[in-house]
Amino acid sequence: MRIHWHRRDLRVADNRGLADAPGRPVGLFVFDEAVLDHAAPPRVAFLLDALSSLRAAYRDRGSELFIRRGDPANVLSALADDLGVDVVSWNRDYSGLAADRDDRVADVLDEVGVTPQRFHDAICHPPGTITTNAGDPYSVYSYFWKKWRDREKDDPYPVPALADATDETTLPTLADLGFDEPTAELPKAGTAPARGRLAAFLEDDIYRYEEARDYPATECTSRLSADLKFGTIGIRAVDKQVREAIAAAETDSERESAAEFRSQLAWREFYTHVLAFNPEVVTENYKRYEHDIDWEDDPELLAAWKRGETGYPIVDAGMRQLQAEAYMHNRVRMIVASFLTKDLLIDWRHGYAHFRDRLVDHDTANDNGGWQWAASTGTDAQPYFRIFNPMTQGERYDPDAEYIREYVPELSGVEADVIHSWHELSPTQRANAAPEYPQPVVDHSQRREQALDMFEQARGDD
DNA sequence: AGCCTTTTTAC
DNA sequence: TAAAAAGGC
């Protein structure tokens, strides 16, 4: 018999390990340090939900998903012994954080005479397979994208036959695992809801994605981030259907729009490769400046940002959406990240840590990539002098202030043009228009100058 | 995926 | 003369 070990992400959808290797597998999920390390209530809740649907799928097919706690190497060797297992397969982690643990598990299995088989399905092309012609990993996205786009992809894998097995263990609760109930309202996890989200997106939204994706009130994004992170949908299945959608496009604009979405899939892989080759970026700047960046240490401004009470409406709307849904629209993620680093002059690590605590779709590689991009410290990051104006961004991407008013109730009765000129109003005008909504905590144009000074000093320009 | 200043273009 | 494009941080 064979065990398929579902790792800290479940990876149920395109499962090379399940489909390709010989033998009828049972499933195993282990709550271990690597699962609970850096976890947060929304993701643990999402994972438990997905786990419950995954186990139902195993049981429907006469098999079982075993749930265990402890050290994976010990759990795996004990279970392999009990069930007479000769092969254990699992999906690789390329984050650079768990690779050592994977190697250790493989060694232990070898020692007890069980064959470890490692596969991958979190990304289409593993790190090291998309490189410059000189063989180096890419540090510029656009060239990476051209190769990724044109490289042949494996098909999604069929679901294999499963073995007969029984297990009476029940799913742990959040409390068992030491987590509070998430306060945010979460999307439904599992293969079926994930496929539903993909199908809904492909029906129509993908064809206007390019023009609409930056407007948070329009909600024209796929909402697949948590599914891709946990593997309740597979990247190969998504990419295959996206390619079919590109082929089915009726106009150039539709084709380009669907291709733009496909490029977002490649961003995920780009950052996964960056992290695999540079695991230190989790805590260090990717881009080295001459001197340390002299970030400001201001706990009160950081707290105001976290609460969504900065007096910059689009920023506050984003931070409130994060609180309410453990999710934030991608355009708004860029805006709040730029605001934290370039207006509040606070180190991106604080923002990254907060997103890690709150987001249902937090993924080390992608979130770190996003934060370092916004902070101008990352691979292919935005240049330090390109500083978002949070008011202009709000006006451009939420012109009717629909998104802002949805998430910031203090502004729900305020006209869009008042909201978009909040920074220009006098304190009295602000108090009259929305007495409960905060005054701006900083002056953007002044802070912009400070940010430029901070980076020029780090560059050694002075 | 910025913003301000300077230069070029199109009447 | 104003709008568009280009240049630099």
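How big is the Cα convex hull of the range A:176-309 in projection, averaged over all directions, in nm²? The partial results should precede the final answer.
Details: hull surface 50.4 nm².
For the range A:176-309, averaging the hull's shadow over all directions gives 12.6 nm².
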| query | Using the Cα atoms of the range A:325-424 to build a convex hull, what is its mean projected area in square nanometres? | reply | 6.8
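Would you calculate a helix-derived [θ] at 222 nm for chain A, using -39,500 (n - 2.57) for each DSSP H run of n ≥ 4 and dividing by the full residue count, to the nearest 500? All intermediate terms of the calculation are to be shown ahead of the outcome.
Numbers: 21 runs with 222 residues, N = 462.
Result for chain A: -14500 deg cm²/dmol, rounded to the nearest 500.
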| message | Taking each pair of distinct Cα atoms in the range A:96-201 once, what is the resulting Kirkwood hydrodynamic radius in Å? | response | 19.3
| remark: Computed over chain A: longest principal axis from alpha-carbon atoms vs helix A:348-358 long axis, angle to nearest 10 degrees, is 60
| field | In degrees, nearest ten, helix A:444-459 long axis to first principal axis of chain A (Cα) | value | 60
| Once the mean 1/r over all distinct Cα pairs of the range A:218-293 is inverted, what Kirkwood radius in angstroms do you read off? | 14.9
| query | Based on the alpha-carbon gyration tensor of chain A and its eigenvalue square roots a ≥ b ≥ c, which shape applies: rounded if a/c is under 1.5, prolate if not and a/b is larger than b/c, or oblate? | reply | prolate
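Using the Cα gyration tensor of the range A:253-370, with a ≥ b ≥ c the square roots of its eigenvalues, what is the shape: rounded (a/c below 1.5), prolate (a/b larger than b/c) or oblate (neither)? Write out the running numbers ahead of the final one.
Numbers: a/c = 1.90, a/b = 1.18, b/c = 1.61.
The shape class here is oblate.
Carbon-plus-sulfur fraction of the accessible area of chain A, 1.4 Å probe, in percent?
Carbon and sulfur atoms account for 44 percent of the accessible area of chain A.
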| request: Quick one: which residues, 5+ away or cross-chain, put their amide H under 5 Å from the amide H of A:THR131? H built at 1.01 Å from N. | output: none
| request: With both partners inside chain A, how many of the DSSP beta bridges are antiparallel, as a percent to the nearest 5? | output: 5
| task | Add +1 for every Lys or Arg and -1 for every Asp or Glu among the other residues with Cβ under 9 Å from the Cβ of A:ALA258, and state the total. | result | -1
| request: Add +1 for every Lys or Arg and -1 for every Asp or Glu among the other residues with Cβ under 15 Å from the Cβ of A:PRO299, and state the total. | output: -3
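Taking only protein heavy atoms into account and a 1.4 Å probe, give the accessible area per residue of the range A:169-311 in Å².
Details: 6960 Å² over 143 residues.
It amounts to 49 Å² per residue over the range A:169-311.
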| Centre separation in Å (Cα based) which lies between the range A:177-224 and the range A:6-44 | 22
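How large, in Å, is the range A:2-121 by the Kirkwood hydrodynamic radius built from its alpha-carbon pairs? All intermediate terms of the calculation are to be shown ahead of the outcome.
On the way: mean 1/r = 0.0692 Å⁻¹.
When all Cα pairs of the range A:2-121 are included, the Kirkwood radius is 14.4 Å.
What does the charge count near A:ASP103 come to, summing +1 for each Lys or Arg and -1 for each Asp or Glu among other residues with Cβ under 14 Å from its Cβ?
Working: positive: A:ARG7, A:ARG92, A:ARG101, A:ARG104, A:ARG118; negative: A:ASP93, A:ASP100, A:ASP102, A:ASP107, A:ASP110, A:GLU111.
Summing Lys and Arg as +1 and Asp and Glu as -1 gives -1.
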| query | Which links in A:LYS153/A:LYS240; A:LYS153/A:LYS188; A:LYS229/A:LYS306; A:LYS147/A:LYS240 stretch past 19 Å when you go from one Cα to the other? | reply | A:LYS153/A:LYS188; A:LYS229/A:LYS306
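The values are calculated or read from the model by the stated rules, or taken from the named source; none is laboratory data. Everything numeric in this text was worked out from a predicted model, so none of it was measured. Glycine also receives a Cβ, built like all others from the backbone with ideal geometry; neighbour counts cover every protein chain displayed. Side chains are part of the model used for accessible areas, which takes the heavy atoms of the whole protein and leaves out ligands, DNA and RNA. Shrake-Rupley method; radii C 1.70, N 1.55, O 1.52, S 1.80 Å.
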